[in-house]
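The values are calculated or read from the model by the stated rules, or taken from the named source; none is laboratory data. Computed from a predicted model, the values in this text were never measured in an experiment. Here the Cβ is made from the backbone with ideal geometry for all residues, glycine too, and neighbour counts use every protein chain on show. These area figures cover heavy atoms from the full protein model, side chains too; ligands, DNA and RNA do not enter into them. Shrake-Rupley method; radii C 1.70, N 1.55, O 1.52, S 1.80 Å.
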Amino acid sequence: MTMFPFSTRAERLIGQEMFKVMDRAQALEREGRTIYHLELGNPRIAPPREIIDATMEAIRAGQLGYAPMAGIRELRDAVGDRIARRTGRRIDGGSVVISPANLLISQFLDLTCNSGDRVVLFTPAFPSYWAAAAHSGLTVTAIPLSQENGFHLDEARIEAAVAACPKAIIVNSANNPTGAVYTQSMLRLLVRRCEDAGIWLLSDETYADLSFGRTFFSLASCESPQLVVMSSFSKVLSIPGYRVGYALAHPAVAEKFALSTSTLISCLPIFSQLGCVAGLSVFDQYAERVRAQYRRVTSLCAEWINRSSAVRCATPESGFYLFIDIRATGLDDVAFCKRLLEERHTAVTPGRSFGVGCDSHVRIATCGSEDDVMEGTRRIVELAGELGGYRVKAA
């Protein structure tokens, strides 16, 4: 076999496991199988009509050229105004940069860390953090959160994170995959400790507007020069294909993000950004509707899971994910996911994607077709119940 002389960075690429699961599931679909997709947070609720209309109008009007590298001013100002209304802080659009949310994670690490630097993740942690850190050649220190308190952030974990002497810390509330919403007191403590120690802090708030079990507190309320707050329109407005997210940062930091975006992708399309401007005009009404839907379906799935003696999960407080403990089945995450897909035609994400020590869990997404979500959850519980207590090693 020919060995290609890839770069060190290329050899560090690991991708995201849920897309690999989707590829395997789609291969089965091509064979004629019906697959229940619970592996990706891919919303199936129709987005606001205003977004589609504004996008199409912009395309018909010939808005097909390059956009400013930091994003169109209309969208930056609209995001700044929305954050200001929520936090009481005056936010200028010059502190906002438009870029794909997944890319923002890599950009943050690229702008704040050098190869070999340490970054702290509170685990379970979104797979893109791991992938971005690996690609940047960073050392990751994982600070595990406890299932016993619903995977919440506490003072001991914050102190452990700071004691690791990292260059940067990433915090994710509302959390993917656990659904936990961290308390205001702990988040403010984290900001203070990072500021005291000169540590960069990225707050990923993608699921903020889908919080329902606890009042969400945004770190956009805090002013700290080495704090970056990021979010995305993908989940809350049901437009993951638009790939539009944003970061809020000190103007000097925002300028670096804009230069990074210009270097890596030039800019995002004008028409998709104008669609998001229109979406912000109906944001609150739409978010209230989808939040109620996700709360109902996710809570129902959690109740169903927790009635089983073979699996359990923390009570969700946000979003549309459940992180399911499968230890009682006797299988690890890879073996369980493989059998679930091959025997029950249901796709879920192995827990190890979210960090070391998470291989006793799987993650499901409850944002698909409600019938598919409920059927897929039923099949998870059914397989777990049938497995009982015997142990099989991962294939």
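Return the pairs, sorted by first residue and then second, in which the second residue is modelled with pLDDT of 95 or more and not in a loop (DSSP other than H, G, I, E, B), the first residue lies in region 172-192 and is at positive phi, the beta carbons are less than 7 Å apart, and the residues are 6+ apart or on different chains.
Filtered contacts from region 172-192: Gly179/Ser318; Gly179/Tyr321; Gly179/Leu322.
Which one of Leu111, Leu64, Leu75 is under 30 Å from Asp154 (Cα atoms) and either at pLDDT 95 or above or assigned to a loop (DSSP other than H, G, I, E, B) (or both)?
After ruling out the rest, the residue left standing is Leu111.
In region 356-383, which residues are in a helix (DSSP H, G or I), of a type outside the set (Ser, Thr, Tyr) and in contact with a Leu (Cβ under 9 Å, 6 or more places away or on another chain)?
Selection gives Asp372, Val373, Met374, Gly376, Arg379, Ile380, Leu383.
Within region 127-153, can you find the residues that are open to solvent by 30 Å² or more (accessible area, probe 1.4 Å) and touching a Phe, Trp or Tyr at 6+ places or on another chain (Cβ under 9 Å)?
Scanning region 127-153 gives Trp130, Val140, Ala142, Pro144, Gln147.
Are any residues in region 334-362 of a type outside the set (A, V, I, L, M), over 27 Å from Gly213 (Cα atoms) and open to solvent by less than 40 Å² (accessible area, probe 1.4 Å), and if so, which ones?
Listed by number, the residues that qualify are Phe336, Cys337, Arg344, Thr346.
Can you tell me which of (1) part of a helix (DSSP H, G or I); (2) at pLDDT 95 or above is the one Met69 doesn't meet?
(1)
Find the residue count for region 154-167, including only residues that are open to solvent by 40 Å² or more (accessible area, probe 1.4 Å) and of a type in the set (Gly, Ala, Ser).
Count: 3.
List the helices (runs of 4 or more DSSP H) inside region 243-333, counting only whole elements, that have at least 2 residues being of a type in the set (Gly, Ala, Ser) and open to solvent by 10 Å² or more (accessible area, probe 1.4 Å).
The helices (runs of 4 or more DSSP H) meeting that bar are 251-264, 283-306.
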